[in-house]
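**Q** Before anything else, here's the structure in question.
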Amino acid sequence: RMREVDLGCGKALLIKENGEFYAMGHKCPHYGAPLVKGVLSKGRVRCPWHGACFNISTGDIEDFPGLDSLPRFQVKIEKEKVYIRASKQALQTQRRTKMMAKCISLSNYNLSSTNVLIIGAGAAGLVCAETLRQEGFSDRIVMCTMDRHLPYDRPKLSKSMDSHPEQIALRPKEFFRTYDIEVLTEMQVAAVDIKNKTAVFKDGFKMEYNKLLIATGNTPKALSCKGKEVENVFNIRTPEDANRVVKLATSKNVVIVGASFLGMEVAAYLTERAHSVSVVELEEVPFKKFFGERVGRAVMKMFENNRVKFYMQTEVSELREQEGKLKEVVLKSGKVLRADVCVVGIGAVPATGFLKQSGINIDSKGFVVVNKMMQTNIPGVFAAGDAVTFPLALRNNKKVNVPHWQMAHMHGRIAALNMLAHGMEISTVPYLWTAMFGKSIRYAGHGEGFDDVVIQGDLDELKFVAFYTK
């Protein structure tokens, strides 16, 4: 059983399992979900919103998303009464950053060599760096990113498009200074020399490493039609892209190409602000491959009820401009849509082109191939996040690519533990979520190629559970 209890200057979550009492923070440190509404099972509490798991004995985070653990409080039983002892600060912050080591001898370092080099500064890269420090690793860690910003919450770019970089930063600047995690921004790796254990940057700078993590994520696909270079056509990659789209879309006509998660989230966000929102998609129903036709149609109906127009089973043949700026989107069906701004969400490819000649094993689609320990075919080289295929335990170790935020966190953690020779294998269940028009869709598992969809509940009201069977 779980109960939220008020301690005067804040609340705690009181848990009773197998006759034992435990008390800890009551809010998930990720987005502040009330954990009392989550699930208690086998010594863990699972967050009701995005599935993060916390150990009830320690408060430690054991499945993601999120970076912090929960504060744990003392519990005493006296004469049928339960007493909880907690610090005011822990009750107010409702989060606990695990103890971390620092770098012992930064001053002795040669600038162009590091013990651990992490290419990419998304969730996988950051969790890897933090896990190393949590495990007592006190040597140099360098992360590099093509981005201008320190690691940030990328899923928010399409769900909360007017967020500024500092609002969605995963950690403040001081955090990186405190724990000696160096981040090189606007730095692109052009090649990796595995023989000499060196990364070569685009500007010619070279950095030697002992252990390497490749966590470069993916690159959005661009349109290849006539007029693709006109102004006001965007892939949402950075906070600046998202902010600019919101500004340009206000009271204007927006066309979104691709009924992907990104495309649909952007459409939902802009309906309140734009004059019109249209979605162009090759499939007949949004999310058909992912959720099946019936669920896809129910979602589509919700969008149509919110003034979003769909143009399905067609694609863009031309983007027309007036004075260099987008004016119209021409579809293969012949339809011409008025458009002041266009957002492209037609999928992505792994950002692994720089590894082509490296000797690191890459599959035919460009994904880095890793084992259950996130190791590549090269000793000391690991990979994590959206750019990898890995053996998924619940699908009999079939190699899959799972480009989810939660999975990137877990990959980063497993890679770090195995850099330190812990022999840890990945066994987590994929979990993703999306939120549109105040409705939340949460999905657990990996339903690639399902045969049947069993629906319980009311699909029209969007209050249902769907089971995918093969």
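**Q** What's the carbon and sulfur percent of the range 1-73's accessible surface, probe 1.4 angstrom, rounded to a whole number?
**A** After summing per-atom areas, the C and S share lands at 45 percent.
**Q** On to the next question. For the chain, can you list the cysteines whose C-beta has no other cysteine C-beta under 4.7 Å from it?
**A** Cys9, Cys53, Cys103, Cys128, Cys144, Cys225, Cys342
**Q** What does a probe at Glu283 reach in the range 235-271, counting residues whose amide N is under 17 Å from the point 7 Å along Cα→Cβ?
**A** Counting only backbone N, you get 256-268.
**Q** To continue, here is another question. Within 10 Å of each candidate Cβ there may be at most 11 other Cβ atoms; applying that plus a DSSP loop requirement, which GluC sites (Glu not before Pro) in the range 229-290 survive?
**A** Glu229, Glu272
**Q** Restricting things to Cα coordinates, could you compute the convex hull volume per residue of the range 210-348 in Å³?
**A** 129
**Q** Would you mind computing, in nm to one decimal, how far apart the modelled labels at Ala435 and Lys81 are, each placed 7 Å from Cα along Cα→Cβ?
**A** Going from the Ala435 label point to the Lys81 one covers 4.0 nm.
**Q** Share of antiparallel DSSP beta bridges in the chain, in percent to the nearest 5?
**A** 65
**Q** Continuing with the same structure: In whole percent, how big is the carbon plus sulfur part of the accessible area of the range 292-335, probe 1.4 Å, protein atoms only?
**A** 38
**Q** Sorted by average packing, counted as other Cβ atoms within 10 angstrom per residue and highest first, what order do 316-323, 213-220, 200-207 take?
**A** 213-220, 316-323, 200-207
**Q** What does the charge count around Val369 come to, taking other residues whose C-beta lies under 15 Å from its C-beta (Lys +1, Arg +1, Asp -1, Glu -1)?
**A** +3
**Q** Provide the net charge surrounding Glu240, with neighbours chosen by a C-beta distance below 12 Å and charges set as Lys +1, Arg +1, Asp -1, Glu -1.
**A** Net charge in that neighbourhood comes out at +1.
**Q** Right, another one. Pop a pseudo-label 7 angstrom from the Cα along the beta-carbon direction at both Leu184 and Gln167 and give the gap in nm to one decimal.
**A** Modelled inter-label distance: 3.2 nm.
**Q** Would you work out what percent of the accessible area of the range 235-288, with all protein chains in place, is carbon or sulfur (probe 1.4 Å)?
**A** Ligands and nucleic acids excluded, carbon and sulfur reach 48 percent.
**Q** Still on this structure, please answer the following. Taking a cut-off of 18 Å between Cα atoms, list the lysines near Lys79, but don't count ones fewer than 8 places away on the same chain.
**A** List returned: Lys16.
**Q** I've got another one for you. Scanning the chain for helices, which whole DSSP H stretches are 20 Å or more long along the axis (Cα) and average -1.0 or more by Kyte-Doolittle?
**A** Long hydrophobic helices here: 405-419.
**Q** Roughly speaking, what is the stretch gain from Val39 to Phe205, that is 0.36 nm per residue apart minus the C-alpha to C-alpha distance, in nm to one decimal?
**A** Here the segment from Val39 to Phe205 would lengthen by 54.8 nm.
**Q** Would you mind estimating how fast the chain diffuses translationally, via Stokes-Einstein at 37 °C and 0.692 mPa s with the Kirkwood radius over Cα pairs, in µm²/s?
**A** Reported coefficient: 136 µm²/s.
**Q** Here is a follow-up. Find, among the GluC sites (Glu not before Pro) in the range 76-131, those assigned to loop by DSSP (not H, G, I, E, B) with at most 15 other beta-carbon atoms within 10 angstrom.
**A** Glu80
**Q** Enter the Cα centre distance for the pair the range 202-216 and the range 127-176, rounded to the nearest angstrom.
**A** So the two Cα centres are separated by 18 Å.
**Q** Show me the trypsin sites (Lys or Arg not before Pro) within the range 84-159 that DSSP assigns to loop and that have at most 13 other Cβ atoms within 10 Å of their Cβ.
**A** Those satisfying the criteria are Lys102, Arg148.
**Q** Quick one: of the DSSP bridges fully inside the range 233-346, what percent are antiparallel, nearest 5?
**A** Counting DSSP beta bridges with both partners in the range 233-346, the antiparallel share is about 40 percent.
**Q** Would you mind getting the accessible area per residue of the chain, heavy atoms of the protein chains only, 1.4 Å probe, in Å²?
**A** Roughly 48 Å² per residue, with all protein chains present.
**Q** I've got another one for you. Under a Cβ-only charge scheme (Lys and Arg +1, Asp and Glu -1), can you give me the dipole magnitude of the chain about the Cα centre, in debye to the nearest 20?
**A** It works out to roughly 740 debye.
**Q** Another question, then. In nm, what is the difference between 0.36 nm times the number of residues separating Lys372 and Lys16 and their Cα-Cα distance?
**A** 124.7 nm
**Q** Continuing with the same structure: Would you kindly find the accessible area of Asp340, with a 1.4 Å probe and non-protein molecules such as ligands, DNA and RNA excluded, rounding to the nearest 10 Å²?
**A** So the heavy atoms of Asp340 present about 30 Å² to solvent.
The values are calculated or read from the model by the stated rules, or taken from the named source; none is laboratory data. The structure displayed is predicted, hence computed values, not measured ones. Glycine also receives a Cβ, built like all others from the backbone with ideal geometry; neighbour counts cover every protein chain displayed. SASA here: full protein model, heavy atoms, side chains in, ligands and nucleic acids out. Shrake-Rupley method; radii C 1.70, N 1.55, O 1.52, S 1.80 Å.
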